[in-house]
Amino acid sequence: MFKKLPLVICIMLVAGCATVPITGRKQISFLPASQLASLSQESYSQIISESKLSQDREKIQVLERVGKRIAESAEEFMIKEGMGDQVKSYDWEFNLIEDDDTVNAFAMAGGKIAVYTGILKVTKDDSGLATVLSHEIAHVIANHAGERMSQYMLAEFGNVLLSEALKEQPDKTRNISMLAYGLGANVGVLLPFSRTHEQEADHIGLIIMALAGYDPNLAIDFWQRMSQESKNRPLEFLSTHPSAEKRIENLRRELPEAMEYYK
């Protein structure tokens, strides 16, 4: 069985190869979009049920209006690019969670997005909110959730292979080797991919923000405000997110491309 694992992994890599919209990066994703959407729906519903949702109708309406505008623009772009099959798996939902201390937002596969009220003090206006929602919607259309799960699956395969290869070794040797593998996979592969996802979501988000009619230049203003808000952030090397400074630097470099889509 274990001798066949490398072959199985190779087959999975070939079968699970996909292309990220806009950036064209090749990625792996073993799980069907429908299965990912179903899993995400369960997790999202649980989070929403356990959270206090905002009752501010004006803020909710703004969130839904901006979110719908960007999501529709993203779908139109993907359909034009021949990625209409992916669009079928989206069922967009936007919720505003009442938590002024949490400056954050998140997205799940299938188009489930939540924004915490704490980030609204940084977004300030529609353009700032569009920056956040474009970034989150970009995570969805780039299938980052599916890629992340596939990466963990491969890491587990590697763990099984290593464990089998070391089964005749002394316990101390096995423990040290397994620990080294775990740290290497996390710091050397999984976290860098997390930063890749964040940078890619910034890039794609800038484009779909422009497609939706929001000035991508204003995304820089938002991230500058966010950098002032962020304090005591972890070292970038051990973080899933790029530093605010690098984020702004990357966005400035990508602005000319985004402006080509801005009307």
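I need the full set of residues from region 37-61 which are in contact with an Asp or Glu (Cβ under 9 Å, 6 or more places away or on another chain) and hydroxyl-bearing (S, T, Y), in order please.
Y44, S51, S54
Take the residues of region 1-38 that are assigned to a loop (DSSP other than H, G, I, E, B) and modelled with pLDDT of 75 or more: which is farthest from M78 (Cα to Cα)?
First pass over region 1-38, keeping only residues assigned to a loop (DSSP other than H, G, I, E, B): 1, 16, 20-25, 29-32.
From what's left, modelled with pLDDT of 75 or more: 20-25, 29.
Details: V20: 10, P21: 7, I22: 9, T23: 12, G24: 12, R25: 15, S29: 18 Å.
Checked region 1-38; the qualifying residue farthest from M78 (Cα to Cα) is S29.
Looking only at region 53-69, which residues are of a type in the set (V, I, T) and without any contact (Cβ under 8 Å) to a residue 60 or more places away in the chain? Reasoning before the result, please.
At the first step, the residues of region 53-69 found to be of a type in the set (V, I, T) are 60, 62, 66.
I60 - this is the single residue of region 53-69 that is of a type in the set (V, I, T) and without any contact (Cβ under 8 Å) to a residue 60 or more places away in the chain.
Does region 56-68 contain at least one residue that is touching a helix residue (DSSP H, G or I) at 6+ places or on another chain (Cβ under 8 Å), surrounded by 14 or more Cβ atoms within 10 Å (Cβ to Cβ) and modelled with pLDDT under 95?
Among the residues of region 56-68, not one is touching a helix residue (DSSP H, G or I) at 6+ places or on another chain (Cβ under 8 Å), surrounded by 14 or more Cβ atoms within 10 Å (Cβ to Cβ) and modelled with pLDDT under 95, which makes the answer no.
Inside region 21-47, can you point out the residues that are within 24 Å of G82 (Cβ to Cβ) and charged (D, E, K, R)? Even if it seems obvious, please write down each step before you answer.
Of region 21-47, the ones within 24 Å of G82 (Cβ to Cβ) are 21-37.
Passing the criteria: R25, K26.
Hand me the list of helices (runs of 4 or more DSSP H) wholly inside region 119-169 holding 1 or more residues that are crowded, with 20+ Cβ neighbours inside 10 Å, touching a strand residue (DSSP E or B) at 6+ places or on another chain (Cβ under 8 Å) and modelled with pLDDT under 85.
Numbers: elements: 120-123, 126-141, 144-165.
Here the list reads 144-165.
Within region 190-230, count every residue that is at pLDDT below 90, acidic (D, E) and under 17 Å from I137 (Cα atoms).
Matching residues across region 190-230 total 1.
Would you confirm, using the coordinates I've provided, whether K80 is under 26 Å from G24 (Cα atoms), charged (D, E, K, R) and either in contact with a strand residue (DSSP E or B) (Cβ under 9 Å, 6 or more places away or on another chain) or without any contact (Cβ under 8 Å) to a residue 12 or more places away in the chain (or both)? It would help to see each step written out before you state the result.
Working: under 26 Å from G24 (Cα atoms): yes; charged (D, E, K, R): yes; either in contact with a strand residue (DSSP E or B) (Cβ under 9 Å, 6 or more places away or on another chain) or without any contact (Cβ under 8 Å) to a residue 12 or more places away in the chain (or both): yes.
Against the criterion (under 26 Å from G24 (Cα atoms), charged (D, E, K, R) and either in contact with a strand residue (DSSP E or B) (Cβ under 9 Å, 6 or more places away or on another chain) or without any contact (Cβ under 8 Å) to a residue 12 or more places away in the chain (or both)), K80 qualifies.
Restricting to region 87-122, what's the tally of residues that are without any contact (Cβ under 8 Å) to a residue 60 or more places away in the chain, among the hydroxyl-bearing types (S, T, Y) and closer than 22 Å to S230 by Cα?
Residues in region 87-122 being without any contact (Cβ under 8 Å) to a residue 60 or more places away in the chain, among the hydroxyl-bearing types (S, T, Y) and closer than 22 Å to S230 by Cα: 2 in total.
From the list R252, R233, which residue is farther than 25 Å from E76 by Cα, surrounded by fewer than 16 Cβ atoms within 10 Å (Cβ to Cβ) and at pLDDT 95 or above? Break it down stepwise before answering.
On the way: R233 fails: at pLDDT 95 or above.
Just one listed residue meets the conditions, R252.
The values are calculated or read from the model by the stated rules, or taken from the named source; none is laboratory data. Keep in mind that this is a model prediction, so the values were computed, not measured. Cβ sites come from the backbone with ideal geometry, for glycine too, and all protein chains shown count toward neighbours.
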